[in-house]
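The block underneath contains the structure these notes are about, expressed in structure tokens.
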Amino acid sequence: MRLFENKRVEYEEFSLGRGQCSVRAALLCDLHFPRQCADVSAILKEMECRDVDVAFIAGDLVWRRADLGSCGAREFLGELCSLMPVFFSEGNHEARHKDADKISDFVRSCGAHDVTGVCVPVRIGGADLLIAGDTEKRGSPRFKGAGVKILLAHHPERAVSHAKILCPDYIFSGHAHGGQFRIFGRGVYAPDQGLFPKYTSGLYPIAEGTDLIVSRGIGRSRFPFRFNDPPHIPIVTVLV
Ligand SMILES: [Fe+2]
């Protein structure tokens, strides 16, 4: 039954900005390996079919108790990196992981860029981007240089503050798991936002010049099921 469907990923397309160059970015959040609930090989195929240029993993790639060697994240990330550049920033599960000090090396050994706590200039599809990653405990780095300012920030509830301080063009977030149970288009509960959370799924123009994009996530959380809340991968065409 679709309401209790936990496996079929919903791909939601957005087109933002104005300009001649376009960059197609997929937001993959809260995979929580090995507790992902979607078919990850199908996700890889879909990334190719949808002509995605770059992937943003904005936290919680792995569950905090995951064994990095056997949880499946290495294989998935390696294959994703063979298709496109991948940028990762940490979430609460990485920060609290038993091998937290090994996560960055792990991510980079798979071929991904770890932007946790740093800002990296890149050129993708003819567009200059500055990609920065929020951290759990040390705040966010400042943007330096010219380009579209993209912040990977696991916690959407921090987005208003990020917008005021850092003035990013786009913030990519997760963590809310869509509110776990969705009724009348709203989530019921999200960690760090509580009951009837504000930022759970899709696009939020949160400040002048700053859009927040939130994924409902791909993996299971501590709740055993999701209701009316399928796994979710926003795909954003950024026009520059
Ligand atoms: Fe999280």
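The numbers here are math on the coordinates, done by the rules we state, and not lab data. Please read these numbers as outputs of a predicted model, since none were measured by experiment. All Cβ positions, glycine included, derive from the backbone under ideal geometry; neighbour counts span all protein chains shown.
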* Asked: Does region 9-168 classify as rounded, prolate or oblate by the C-alpha gyration tensor (a ≥ b ≥ c root eigenvalues; a/c under 1.5 gives rounded; else a/b over b/c gives prolate, otherwise oblate)?
  -> oblate
* List the residues whose amide H sits under 5 Å from the amide H of Gln36, counting only those 5 or more places along or on another chain, with H placed 1.01 Å from N in the peptide plane. => Arg220
* In whole Hz, with x marking every Gly and Pro, tabulate ³J(HN,Hα) for region 45-60 from phi via Karplus 6.51 cos²θ - 1.76 cosθ + 1.60, θ = phi - 60°. => 4, 5, 4, 5, 4, 8, 6, 6, 8, 8, 10, 10, 10, 8, x, 6
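Are there chymotrypsin sites (Phe, Trp or Tyr not before Pro) in region 160-240 that DSSP puts in a loop and that have at most 16 other Cβ atoms within 10 Å, and which ones? List each step's numbers first, then the result.
Numbers: sites: Tyr170, Phe172, Phe181, Phe184, Tyr189, Tyr199, Phe225, Phe227; in loops: Phe184, Tyr199, Phe225.
Passing sites in region 160-240 are Phe184, Phe225.
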* Between Gly174, Gly217, Gly126, find the one with the highest GNM mean-square fluctuation for the chain; connect C-alpha pairs within less than 10 Å. => Gly126
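With the contact rule set at Cα under 8 Å and sequence spacing of 6 or more, what percent relative contact order holds for the chain?
Relative CO of the chain lands at 29 percent.
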* Structure fact -> As straight-line cross-link partners of Lys7, the qualifying aspartates and glutamates (C-alpha separation under 12 Å, not fewer than 8 residues apart within one chain) are Asp39, Asp229
* Structure fact -> GNM on the chain, Cα springs under 10 Å; top mean-square fluctuation among Glu94, Glu157, Glu13 goes to Glu13
* Two-site label geometry, Asp128 and Leu83: point separation in nm, points 7 Å out along Cα→Cβ -> 3.0 nm
* Asked: Suppose R0 equals 45 Å; then what is the FRET efficiency for Cys167 and Ser70 from their Cβ-Cβ distance, rounded to the nearest 0.05?
  -> 0.60
